1. Report, by residue number, each residue of segment 221-240 that is open to solvent by 40 Å² or more (accessible area, probe 1.4 Å), farther than 16 Å from Asp56 by Cα and in contact (Cβ under 8 Å) with a residue 24 or more places away in the chain.
2. Being among the charged types (D, E, K, R), farther than 21 Å from Ala110 by Cα and in contact (Cβ under 8 Å) with a residue 12 or more places away in the chain narrows it down to one of Arg181, Arg198, Arg135, so name that one.
3. Among the residues of segment 92-122, what is the count of those that are part of a strand (DSSP E or B) and touching a strand residue (DSSP E or B) at 6+ places or on another chain (Cβ under 9 Å)?
4. Take the residues of segment 48-60 that are assigned to a loop (DSSP other than H, G, I, E, B) and under 19 Å from the mean Cα position of the chain (by Cα): which is surrounded by the most Cβ atoms within 10 Å (Cβ to Cβ)?
5. Answer yes if at least one residue in segment 140-148 is surrounded by fewer than 18 Cβ atoms within 10 Å (Cβ to Cβ), in a loop (DSSP other than H, G, I, E, B), at positive phi and not acidic (Asp, Glu), and no otherwise.
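The values are calculated or read from the model by the stated rules, or taken from the named source; none is laboratory data. Remember, it's a predicted structure, so these values are computed and weren't measured experimentally. Backbone-built Cβ (ideal geometry, glycine too); neighbour counts: all protein chains shown. Remember, those area values only see protein heavy atoms, side chains included, never the ligands or the DNA or RNA. Shrake-Rupley method; radii C 1.70, N 1.55, O 1.52, S 1.80 Å.
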Amino acid sequence: MIRSFAAASAVLLLAACSPSTPTFEIDNPTDAPVKVTIDGKTHEVAAGTSAALELDAGPHTLRTDRTGEVRISVCGAERGTLINPTLSDYVLARELYVTDASKLRNFGAAIATVELGDAVYEGPFEQYTGLFIDRTWDFGVREAFPKQQTVARIPENGGKISTKLFTPQAFIDYIEEASDRQGEFARLHPGGYAQPDRALETAPAELPPLPQAFEPHSAPLREAYAQRLQVHDAADCEAVRKRSHEALMAVTGATAMLHVDQSPDDNQAYNDVIQLYGQLMGAGALVLPR
């Protein structure tokens, strides 16, 4: 089945404060306890709960039953990073909060597809998996979308978009309640939602090659990424952040005039590598190559 979904609520003009966020949060969306051992210390997370912790910038070891022991590297996780030891799927949904319905015309919607079992949902959603998921949401797995929000100042467009992270079953329940189709997924899936097996993804040992015309200019990116994999402490992390931006500016500047003579496929391949570079360099934590 295909769904399109959006919801609007009210924004109130009152003072508000943002809640603090732990640097890391081990989440366990399953119905059994999970153990996560980091640097030799074991954290047991009860079913359906999460546990906050802090990790210094630099290398660490992490072990779970699902992943085995892996080496990880932390750098720039201040905005919050979810540790997903069961390699479960999550879904991010967006809701639009407006002062009144007339403001809806000021907002568009990025439509994407989420597949859960045989069900397909289309709407302002994103699907995530992986050992680390960097926080981009306003409301976490165990927080609800509020019916109203309080803001210090109403934006000129009359509203704001907020995001929430869901487990798959919670997302299904959310969609079904909003569309008044409770139990539809269960009728199609009598056994309930079944989490697919996901392979552990590690960071690449090096960036993939750029197309031939661009590759001679790729050294700054490759050097910056190699430095990212070798971060040992907060000072290294700060140096990598600075170098990451400088490298990107150097490469995009050196290649700016080349795109016009390249094929659409080569330009897309260039963009794909640049996007991957941004994702890797901006990640709060990476699983290092084995």
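1. Hit for segment 221-240 is Glu223, nothing else.
2. The match here is Arg198.
3. Going through segment 92-122 one residue at a time, the tally reaches 15.
4. Checking each candidate, the answer is Leu55.
5. There is no residue in segment 140-148 that is surrounded by fewer than 18 Cβ atoms within 10 Å (Cβ to Cβ), in a loop (DSSP other than H, G, I, E, B), at positive phi and not acidic (Asp, Glu).
Yes/no matrix, rows are residues, columns are (1) modelled with pLDDT under 90; (2) within 30 Å of Gln227 (Cβ to Cβ):
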{"residue": "Thr81", "(1), (2)": "no, yes"}
{"residue": "Ala109", "(1), (2)": "yes, no"}
{"residue": "Asp118", "(1), (2)": "yes, no"}
{"residue": "Trp137", "(1), (2)": "no, yes"}
{"residue": "Ile172", "(1), (2)": "no, no"}
{"residue": "Glu177", "(1), (2)": "no, no"}
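Each row is one residue, and each column tells you yes or no for (1) under 17 Å from the mean Cα position of the chain (by Cα); (2) open to solvent by 40 Å² or more (accessible area, probe 1.4 Å).
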| residue | (1), (2) |
| --- | --- |
| Ala46 | no, yes |
| Leu62 | no, no |
| Val74 | yes, no |
| Pro85 | yes, no |
| Ala112 | yes, no |
